[in-house]
Amino acid sequence: MTIVAKRYANALYEYAKEKNNVEQILDELKSLVDLYESSADFQELVKNPLIKRSEKEKVFEELKNRNAISETLYNFLLMLTEKNRLNLIVEIYMHYRILLMEDRGEVDAYVKIADDYDDVLKKEIGDVLSKVTGKKVNLNIEIDKTILGGFVAQVKSNMYDASIKGQLRKLKETLLQV
């Protein structure tokens, strides 16, 4: 993520806090990112510097008139368009979301487990990671049969390996050192 995108996200986040619509802006940014990811035309509008600024502004004005975006986000998008930074919208959304999560005391965890799971196991993993991180954990779980059992989790840049595969690797390293 670029420093420039982080700066824009920070500025938008602070402005949204002043306007008391942080959550609304997150939802609106998410909708824009979803549109960006699903529409080649919208991607072209965002990425192509040859499309006139006035044309881009018309699209955002239409979104505002349809109540798809607020006045706050509309003004922000106009500023990004003016500065030729509209192409940073996905990165801005990602960092904005992180800022909101930090304020809430939350963190994302990307977890791999060996087999299907139920709500009880999901809660246990969430509880363990919450205890380790000191934050409320939003789990993103993926099945990976190669870990054999247990789980591997990534929270920010930290890895937690409670898998059988990881334990076997550690045992092998220990035995090879002897």
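Determine, yes or no, whether Thr81 is of a type in the set (S, T, N, Q) and surrounded by 12 or more Cβ atoms within 10 Å (Cβ to Cβ). Considered against the rule, which asks whether it is of a type in the set (S, T, N, Q) and surrounded by 12 or more Cβ atoms within 10 Å (Cβ to Cβ), Thr81 comes out as yes. Go through the stretch 10-41 and count every residue that is over 19 Å from the mean Cα position of the chain (by Cα) and either among the acidic types (Asp, Glu) or buried (at least 17 other Cβ atoms within 10 Å of the Cβ) (or both). Summing the residues that are over 19 Å from the mean Cα position of the chain (by Cα) and either among the acidic types (Asp, Glu) or buried (at least 17 other Cβ atoms within 10 Å of the Cβ) (or both) in the stretch 10-41 gives 2. Could you list, in sequence order, the residues of the stretch 45-89 that are acidic (Asp, Glu) and without any contact (Cβ under 8 Å) to a residue 24 or more places away in the chain? Within the stretch 45-89, Glu55, Glu61, Glu62, Glu71 meet the criteria.
If you go through the stretch 113-122 one residue at a time, do you hit one that is part of a helix (DSSP H, G or I), at pLDDT 95 or above and either more than 15 Å from Ala5 (Cβ to Cβ) or more than 21 Å from the chain's Cα centre (by Cα) (or both)? No, every residue in the stretch 113-122 fails to be part of a helix (DSSP H, G or I), at pLDDT 95 or above and either more than 15 Å from Ala5 (Cβ to Cβ) or more than 21 Å from the chain's Cα centre (by Cα) (or both). Scanning the stretch 100-111 for residues that are open to solvent by 80 Å² or more (accessible area, probe 1.4 Å) and either in contact with a helix residue (DSSP H, G or I) (Cβ under 9 Å, 6 or more places away or on another chain) or without any contact (Cβ under 8 Å) to a residue 40 or more places away in the chain (or both) turns up Glu102, Asp103, Arg104. Scanning the stretch 153-178 for residues that are over 30 Å from Arg97 (Cβ atoms) and either free of Cβ contacts under 8 Å to residues at least 12 places away in the same chain or out of contact with any Leu (no Cβ under 6 Å at 6 or more places or on another chain) (or both) gives Gln167, Leu168, Arg169, Lys170, Leu171, Lys172, Glu173, Thr174, Leu175, Leu176, Gln177, Val178. Contact map, the stretch 16-34: first residue without any contact (Cβ under 8 Å) to a residue 60 or more places away in the chain, second residue part of a loop (DSSP other than H, G, I, E, B) and open to solvent by less than 70 Å² (accessible area, probe 1.4 Å), Cβ cut-off under 7 Å, separation 6 or more or different chains; pairs are Asn21/Ser70; Gln24/Ser70; Glu28/Ile69; Glu28/Ser70; Ser31/Ala68. When Ile92 is tested against (1) touching a residue at least 40 places away in the same chain (Cβ under 8 Å); (2) not in a helix (DSSP H, G or I), exactly one condition is not met: (2).
Take the conditions more than 30 Å from Val132 (Cβ to Cβ) and touching a Lys or Arg at 6+ places or on another chain (Cβ under 7 Å) and apply them to Tyr74. Does it pass?
yes
The values are calculated or read from the model by the stated rules, or taken from the named source; none is laboratory data. From a predicted model like this one, the values you see are computed outputs, not experimental measurements. As a convention, Cβ positions derive from the backbone with ideal geometry for all residues, glycine included, and neighbour counts pool all protein chains shown. Protein only, heavy atoms only, side chains kept; ligands, DNA and RNA dropped before computing areas. Shrake-Rupley method; radii C 1.70, N 1.55, O 1.52, S 1.80 Å.
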